[in-house]
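Inspection log for the structure reproduced underneath, given as structure tokens.
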Amino acid sequence: MTNSKGLIKKITIITLGVFIPISNAHSADTLKDVNFILGSSLGYSTFSFPEKMDHDISFPSANFTAAASLDNWQISVNTGFTLKDANISEEEDIGKASRSDIDVTLGYNVTPNWAVFGGYKTGKTKMSFTSRDSEDEGILDTQNESYSQSGPYFGVGYTHRFERAGSLNFSVAYAMLNATNNFSANTDDPDEDDELEFDDLTGIVKGKIKGLSYALSWTMPLSGQLLFQTKFKINDYKQNIDYNNLRFENINETITSLHVGLAYVF
């Protein structure tokens, strides 16, 4: 059975959500050294898109992780989703919003404290808007929007282990993502002579996203193979869009989350 210090060592990268694959050419003895990890957590996430929404939206969310590690190499699959739709209240519209994410991450412990990682992620925010006027009239006019991102990322993490208080980990990653936005028609359309603004874009609009992710996590062994984990993460992205010979730059999208959960190593 793995002791508490061994568990902390094994999950150095796990707290980052970072893992690296194991070669297919394993002997039976090598397979005995593979550690598998299953984890889940609950918390809250906030999505900010100020160029499209009047306010941030927050929702309760859950994360699940499945991972394997061998020596300094690890691989993981992480998925997150909202547990309840968030309420949206704009000037002309009301509605609901939800979010889902999935990523596959590869990582390597370069030293006992430092790790490097890379991976691929995809996420999508879905929203439905109903105009206040149509609701008042009893004839609902609902339009759907979605903002999705997908692409690679890479980063570095540092872990500090305490003698009796588990480990504290900080990581930073750089993402290069493709964006696909499905914008609904604006209920307050501009006049023909008005200059087109970002909020006036409609239909399928694609863009390029670059930005940084920051994560701070703490992991503490509870008993046996069971671990307690808490994690705070910020995805701070900037999107550039070319649309009808116009260029919209540095459109800000931010996703923050705070989760608390358990992981089991076997």
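Quick one: in the range 92-129, of everything that is touching a residue at least 60 places away in the same chain (Cβ under 8 Å) and acidic (D, E), which residue is farthest from A62 (Cα to Cα)? Going through the qualifying residues, I end up with E92.
Taking into account only those residues within the range 174-203 that are of a type in the set (A, V, I, L, M) and exposed (fewer than 14 other Cβ atoms within 10 Å of the Cβ), which is modelled with the lowest pLDDT? Step through it out loud before you land on a result.
To start, the set of residues in the range 174-203 that are of a type in the set (A, V, I, L, M) comprises 175-177, 179, 185, 196, 201.
Okay, now just the ones that are also exposed (fewer than 14 other Cβ atoms within 10 Å of the Cβ), so 176, 185, 196.
Details: M176: 97, A185: 68, L196: 83.
Looking at the filtered set, the residue picked out is A185.
Please verify whether the range 166-178 includes one or more residues that are touching a strand residue (DSSP E or B) at 6+ places or on another chain (Cβ under 8 Å) and in a loop (DSSP other than H, G, I, E, B). Please lay out each step first, then the result.
Initial filter on the range 166-178 (touching a strand residue (DSSP E or B) at 6+ places or on another chain (Cβ under 8 Å)): 166-178.
Narrowing further to those that are in a loop (DSSP other than H, G, I, E, B): 166.
Yes, the range 166-178 contains a residue that is touching a strand residue (DSSP E or B) at 6+ places or on another chain (Cβ under 8 Å) and in a loop (DSSP other than H, G, I, E, B).
Within the range 27-40, residues that are farther than 15 Å from N78 by Cβ and surrounded by 10 or more Cβ atoms within 10 Å (Cβ to Cβ) have Cβ atoms under 8 Å from residues that are at pLDDT below 90 and polar (S, T, N, Q) in these pairs: N35/T2, counting only partners at least 6 apart in sequence or on another chain.
The values are calculated or read from the model by the stated rules, or taken from the named source; none is laboratory data. None of these values were measured; they are calculated from a predicted model. Here the Cβ is made from the backbone with ideal geometry for all residues, glycine too, and neighbour counts use every protein chain on show.
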